[in-house]
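The block underneath contains the structure these notes are about, expressed in structure tokens.
The values are calculated or read from the model by the stated rules, or taken from the named source; none is laboratory data. Just so we're clear, the structure is a prediction, and the values are computed from it rather than from any experiment. Virtual Cβ from ideal backbone geometry, glycine too; neighbours counted across all protein chains shown. Side chains are part of the model used for accessible areas, which takes the heavy atoms of the whole protein and leaves out ligands, DNA and RNA. Shrake-Rupley method; radii C 1.70, N 1.55, O 1.52, S 1.80 Å.
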Amino acid sequence: MKQEKFFVSLEGANVKKSTLVVLLVVLIGASAWAQVDTATVTGSVHDSSGAVLPDAVVTATEVSTGIKTTAKTAPDGVYVITPLKIGTYSVSAQANGFRTETHENIVLNVQQNQRLDFRLNVGSVNQTAEVTSEAPLLETETASLGDVVAAQQVEELPLNGRRYTDLASLTSGVSKVTEGPVNGGSTPTNGNAGGSFAVNGTRGDQNNFILDGIDNNSNDNGDVAVLSSVDAIAEFKVETSNYSPEFGRSGGAVINATTKSGTNSYHGELWEFLRNQAFDASQYGFGSNVPKAPYKQNQFGGTLGGPIKKDKVFFFVDYEGTRISQAQTDYESVPVGGESTGDFSGILGPQSTSCGPNGDQPCVDALGRPVFTNEIFNPATTRMVGGSVVRDGFGFNTVTGLPIPGQANIIPAGSLSTLGLNYAALYPAPNLPGTANNYVVNAPGNEQTNQMDARVDENLTSKTQLFERFSYIKDTRFQAPPFSGVADGGGYNTGNRPLNTEGFVVGLTDTLKPNLINALRLGFNRVHYISNSPTYGQNYPSAGLQVPGVPNNPLTNGLTWFAPSAYAGLGEPLYTPTRSTSQDIQINDSLNWVHGKHLIKAGPQFRFDQFNLLQIGQPRGNLSFSGQFTSDAGSIGDGSGNGLADMLLGIPVTSAISTV
């Protein structure tokens, strides 16, 4: 059958945060009948001689609910039954003067367009010929490529984290997205691929997620918005290419999922999954001196489905809870000895030998004085000698450049910055030997998730079906930073992150005529989170820790970020707190019409996408200290200078603050 496709897109202007998209889709051809979240049975009815049988009645009966959907064959003997909920069906054909033929155990998957032909023998309508235990049917009506992942696979295959979308990687052309360092290098995406998997070389944020026929995409990171429990998913289909124009939202895969429905029988299940640090090995590379980071994970829940009114109204509900208690092992470099008060005598080394053409000659300054490893120079003595910068070391003889016993590499109290001293006092004492990675902590963290789905399916009349589904997820996560209190020193993923997700959809299917069916979907998704606010609150620092020029803003207050080179950073992390709201309102309507040999599907799609993001890079300021101001000539290449010493003197190499 010839197939033609027309696709028109009218997209409104994206004004900062919102986009209104109106799509008009017209499809002509057999494949047009593959509904977004349902299935289709099509075929022809002939007699034993091969002649077509017009006006034959074909009935598809869903085994679990008893709901029947009928259609009549056209003058050419062709019939189409659509849309059908996914499930197991009994499909029969009958015509006057012929025996009824029934095909049992016809399994329809999401978005499947299944061909099923009948050949009736002469006899009474009351006589039935049953065809059972058929070989798996081939779908020959579409050219799209992809795989269906059924409920049994979703529930029984091992899933770390119980994300059903991870099973998309079972499909050819799909690969997991791996961000960050890999085998000592970085991925080509530089952390910007988005999503959790990529298809046929596209970016990970180019996939299109659909749940119960409604857009289920996060406008924040291109991943799934409403992540229903594994046990709530009936099945999903991953299409990787040649899919219908109605799925033309993006260039990656289409992940089309359907939630479970109730049946005429009550069914339920309970589960719990446990992980514990008792089953974990010791940390690799650190021996037995470092205790295993605490980790406890419990995932538990249940489902229940059944009839509210047999053959008429059905319900399905599920709940899943996740409780994770864990610790993140952090290694940080903190000051040793009296470094936090300006005494760097403990790290003073011999004369540096990193100079010369090959970097193996003794280092001297423009006055011929020796330069020692980790020597701290006084920036107040900076001067030019023969076109080169020259400085005197703290506690060093200004003529010979040799250390003065009891004074070398000690910054006098009068030269120290009060603000720098107050910041340095926030560092904890080292608990491991050495000067690098000399502090370890198992910083506690936890996550608590409660999520549910509730769905009701109603067979209002033999021609009208209605369903409603509501989903809700409340996820609260906390990860302690390396240091306690305002010292913090954490990153973007430390602190508190509350997240709430809601999803709602209504679907109405009307059989207006045997050859004219309308399917309507109304949907809404919303994801809101705040990431990552500190447990000690957004408070303006005490007087001794206030950096001049940093405003008092209750939304972003906190300790300014100080980053001395070779030492752990101090203060509240950059880009926090982040406030994000992503929501999508969608209306889809499709009119399905059988006209002669043509199968036509047409209808509009209205989608209002909104993404509000408040993420300020340096809301409290960002000061970096490289050590160049306490080096001998403004360069740290000869081993002199120290980032913490620069901080104690109050001389940052860069300072910046973001304003809104």
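Sorting the Cα pairs of the range 449-512 by distance into bins of 10 Å, from 0 upward, gives 18, 26, 19, 15, 11, 8, 3 percent per bin. In summary, the convex hull built on the alpha carbon positions of the range 566-660 has an orientation-averaged projected area of 12.3 nm².
Each Lys or Arg adds one and each Asp or Glu takes one away; over the other residues whose Cβ falls under 12 Å from the Cβ of Thr258, this sums to 0.
Label positions at Phe273 and Asn242, each projected 7 Å from the Cα along the C-beta direction, are separated by 3.4 nm. Each principal axis of the Cα atoms in the range 545-598 has its own extent, and those three values, largest first, are 80, 30, 13 angstrom.
For the pair the range 49-104 and the range 292-352, the centres of their Cα atoms are 54 angstrom apart. The stretch between Asn552 and Arg323, if pulled fully straight at 0.36 nm per residue, gains 78.8 nm over its current Cα-Cα span.
Its residues counted as N, the range 435-545 yields a C-alpha radius of gyration over 2.2 N^0.38 Å of 1.86. Annotation: peptides 81-91, 457-467, ranked by per-residue average of other Cβ atoms within 10 Å with the highest first, follow the order 81-91, 457-467.
For the range 61-115, the direction-averaged projected area of the alpha-carbon convex hull comes to 4.2 nm².
Please work out the C-alpha center-to-center distance from the range 471-498 to the range 390-463 and express it in whole Å. Their Cα centres are 16 Å away from one another. For the range 205-257, the Kirkwood estimate of hydrodynamic radius, built from reciprocal distances between every pair of different alpha carbons, is 11.4 Å.
Counting only Cα atoms, the range 199-324 measures 62, 43, 22 Å along its principal axes, largest extent leading.
Rounded to the nearest Hz, the phi-derived 3J(HN,Hα) couplings of the range 103-109 under the Karplus curve 6.51 cos²θ - 1.76 cosθ + 1.60 (θ = phi - 60°) are 9, 9, 6, 8, 8, 9, 9, where x marks glycine and proline. The phi torsions of the range 46-52, fed into the Karplus equation with coefficients 6.51, -1.76 and 1.60 and a -60° offset, translate into couplings of 10, 8, 5, 8, x, 6, 6 Hz, rounded to whole numbers, with Gly and Pro shown as x.
With protein chains left intact and a 1.4 Å probe, residues in the chain average 45 Å² of accessible area per residue. Computed over the range 360-479, the quotient of the alpha carbon radius of gyration and 2.2 N^0.38 Å is 2.40.
What the Cα convex hull of the range 585-638 gives, in volume per residue, is 149 Å³. Using the rule -39500 (n - 2.57) for each DSSP H run of four or more residues, divided by the residues of the chain, the 222 nm mean residue ellipticity is -500 deg cm²/dmol. Quick one: net charge of Val456's neighbours, Cβ under 14 Å, K/R +1, D/E -1? Computed value for this residue: 0. Taken over the Cα atoms of the range 515-604, the convex hull encloses 185 Å³ per residue.
By the rule of a C-alpha distance below 15 Å, with chain neighbours fewer than 8 residues away ignored, the aspartates and glutamates paired with Lys292 are Asp280, Asp330. Over all distinct Cα-Cα pairs of the range 320-402, the Kirkwood formula returns a hydrodynamic radius of 15.9 Å.
For the range 547-559, putting each phi into the Karplus relation 6.51 cos²θ - 1.76 cosθ + 1.60 with θ = phi - 60° gives couplings of 9, x, x, 8, x, 8, 10, x, 6, 10, 4, x, 7 Hz, in residue order, rounded to whole numbers and with x for Gly and Pro. If you take the alpha carbon atoms of the range 402-469 and fit the smallest convex hull around them, that volume is 250 Å³ per residue. Reported to the nearest whole Å, the Cα centre-to-centre distance from the range 150-178 to the range 566-641 is 26. Measuring nothing but how far apart in sequence close Cα pairs (under 8 Å, 6+ apart) lie, relative to its length, the chain scores a relative contact order of 12 percent.
Set the Cα radius of gyration of the chain against 2.2 N^0.38 Å, with N its number of residues, and you get 1.32. Beta-bridge orientation, the chain: approximately 90 percent antiparallel, per DSSP, counting only bridges with both partners inside.
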